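Let me begin by presenting the structure, written as structure tokens, before commenting on it.
The values are calculated or read from the model by the stated rules, or taken from the named source; none is laboratory data. Everything quoted here is computed from the prediction, not taken from an experiment. Reconstructed Cβ throughout: ideal geometry from the backbone, glycine too, with neighbour counts over all protein chains shown. When the accessible area is computed, the model is the full protein with side chains, heavy atoms only, and any ligands, DNA or RNA have been set aside. Shrake-Rupley method; radii C 1.70, N 1.55, O 1.52, S 1.80 Å.
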Amino acid sequence: MQQRKAFFGTIFFIFTISMALKAVFVRYILFQNNNLLDTITLELSYILLFACLIEYIATNKLKFPLYLLLNILLSTLFFGIAVYHSYFGNIPTYYALMQAGQVGAVKDSVTQLIQPEYFLLYLDFILMIGILLTRKIPLRSNFKLSKVKVISPLLVLSFAVCLANLFLHKDEIITNSALAAETKGIFNYEALQAYYGPNGGLPQASALSDKELKNEETIQDKINEIKGIKEIPDSKRNYFGAAKGRNLILIQFESMQDFPIGLKIDGKEVTPNMNKLIQNSFYFNNLYQQTGAGNTSDAEFIANTSLYPAGMVATSTFFEKKAFPSMPKLLKKEGYESFTLHADKVDFWNRVELYPSLGFDKYYALEFFGKEDLIGLGPSDEVLINKGMPLLTGLHEKNKPFYAHFVSMTSHHPYVIPADKDVFDLPERYKNSIVGKYIQAISYNDMVLGKFIEQLKAEGIWENTVLAFYGDHMGMHHTMFKEKDPEILKELLGHEYTKIDRFNVPFVITAPGITDQGMTSDQLAGQLDMMPTLANLLGVSLKDYVHFGQDLLNHKENLIGMRYYMPAGSFFNGEIVFTPEKSFDDGEALTLETATKVPHAPYKKDYDRILQLLGLSDAYLKSLPEK
Ligand code: GP9
Ligand code: MN
């Protein structure tokens, strides 16, 4: 009896039980899974393994601090996964978690996403510290766990179960990361992700050999073959070179979705400047985000390369050593000067590597803009354009064509725009809702764009420029919603908010004298298509340039691949959006028109095509030389 009591007093027992409870808790908040057997077979084996290892190697004195350390590490892993999941809807890999250093910079967003109950994960830790400080309960029980009789067998058993689970799930391809972590176990999932590498264990077979990957024409022919595209010679392309020699100003708006464009609330336009501009622009309103774990930086990568991002990790980190073929490099050959402007620290998203990889001549980051007019993550977008403007005028005066990529930041989650910025006046009941705040942030973007265009006109730059803007990725996600948000969105959209709305970002091109008639196109498009479309207008030939996107002014049929935000293998075609779950078979197809579920069997070919394209893009990126 005494013996048993002492055993329950051991730190070994307390640690194992409290971590197991946490695993139950976290599996419930992530997957709404309350199956205890799952937790025991999948997670407990790892917890036991860790505890046995401590028992095995640590001296008596070291045990307690080691348990405390492991407790805080594992609890923080669970905590981090829960917060990350509430923003991205994805289970982060070890790689994404390693970028947790960035959290400080987006702390306002993170604080909003933390639910009070997440702190329960630290309850036992606090209790243990309390015990340690008050010393009310003796720290070390006089009960010694026998290494031979208890620890060794447990160690072998837990190790065997972990190993068996790893082998059992190794070749099981589950495209939905949350489902994968639920089925395989969180620790197993992390271990397997590390083993698979950045693209999550999906078939990565490249349709071309290493040798073939050295030849751009062969690669492009293969892409065209998979996509069913017929190459059109430059001389026969619509609008080819219509804006030859003009400056290119490309603006990436943070978290900007398509739905606020043209939207009126109580008769007042949310984006009056954009709406006006669109009348004399090419506007693609059926275009979808294709970013991966690198989020904003992936959008920057895609917009400049027309290549698929790495997927489960930020492209800027995973391929940090690579020299990417890119728009800045193509334009350099045409005598352009290229630079990018983003008012954050340049090491955020490893842009310090990304920008040289993309071949920009210069970049302007936080140090250049200074800590002025701070909103959210840093200097406001008004500072971005006001300080960026002299760079443009300087080059304009020298008659030097330029490509300026502006990357906005103010409209980042949690979308708090100070009242003195004359924010969009919301109806009373929209106030304090996240949708309301988002509308205000987008209306701020619109105001900034309006001011920017006025300045470009005043400086005489406008007429000789192609100005385009797009959204980097979604801003509204159900995990951000409070009670009234879904209702408000439904009211604004006239229908239930769906993933089609969520991933739909705008792409607008204005070239005075060329796009004056205006053209709103609902042809299917993706972010990868932006670069080829702009290159066509500027008369930049993509003959020897590998691009997975297509020029929207010359090709209508499209197939848009998506990874990360949706399981890899997800795609949009002209009719539906398809999302696989474990595999194609249990996936779901929704019509783009009404988000109605339809049988997906007829779309198997498109699924296979998308996986081929992803595999080829990955192989191509891997084959690129270093900087
Ligand atoms: C920070 C900004 C935010 O520099 O780009 O990135 P996000 O959180 O949207 O990826
Ligand atoms: Mn972003």
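Structure notes:
- Leading residue by the ranking (farthest from ligand 1 (Cβ to nearest atom)) among those in the range 444-472 that are touching a Lys or Arg at 6+ places or on another chain (Cβ under 9 Å) and either under 29 Å from K398 (Cα atoms) or open to solvent by 40 Å² or more (accessible area, probe 1.4 Å) (or both): E463
- Output for the range 477-508, where each listed residue is polar (S, T, N, Q) and farther than 15 Å from L592 by Cα: T479
- Which numbered condition I302 fails, given (1) at pLDDT 95 or above; (2) within 16 Å of ligand 2 (Cβ to nearest atom); (3) among the hydrophobic types (A, V, I, L, M, F, W, C); (4) out of contact with any strand residue (DSSP E or B) (no Cβ under 9 Å at 6 or more places or on another chain): (4)
- Scanning the range 289-327 for residues that are of a type in the set (A, V, I, L, M, F, W, C), open to solvent by 10 Å² or more (accessible area, probe 1.4 Å) and assigned to a helix (DSSP H, G or I) turns up just one, F318.
- In the range 254-272, residue surrounded by the fewest Cβ atoms within 10 Å (Cβ to Cβ) [restricted to those that are in contact with a Pro (Cβ under 8 Å, 6 or more places away or on another chain) and under 17 Å from P414 (Cβ atoms)]: Q257
- Residue-level check: of (1) of a type outside the set (A, V, I, L, M); (2) open to solvent by 10 Å² or more (accessible area, probe 1.4 Å); (3) within 27 Å of G292 (Cβ to Cβ); (4) more than 16 Å from ligand 2 (Cβ to nearest atom), R502 misses just (4).
- Members of the range 220-250 found to be at negative phi, loosely packed, with under 14 Cβ neighbours inside 10 Å and small (G, A, S), listed by number: S235
- Listing of strands (runs of 3 or more DSSP E) fully contained in the range 526-627 that carry 3 or more residues being over 17 Å from I226 (Cβ atoms) and open to solvent by less than 10 Å² (accessible area, probe 1.4 Å): none
- Residue among S306, S316 that alone is away from ligand 1 (no atom under 16 Å from the Cβ), assigned by TED's automatic domain parsing to the domain that holds P401 and in contact with a Gly (Cβ under 7 Å, 6 or more places away or on another chain): S306
- Considering (1) surrounded by fewer than 21 Cβ atoms within 10 Å (Cβ to Cβ); (2) within 16 Å of ligand 1 (Cβ to nearest atom), the lone condition that G475 does not fulfil carries the number (1).
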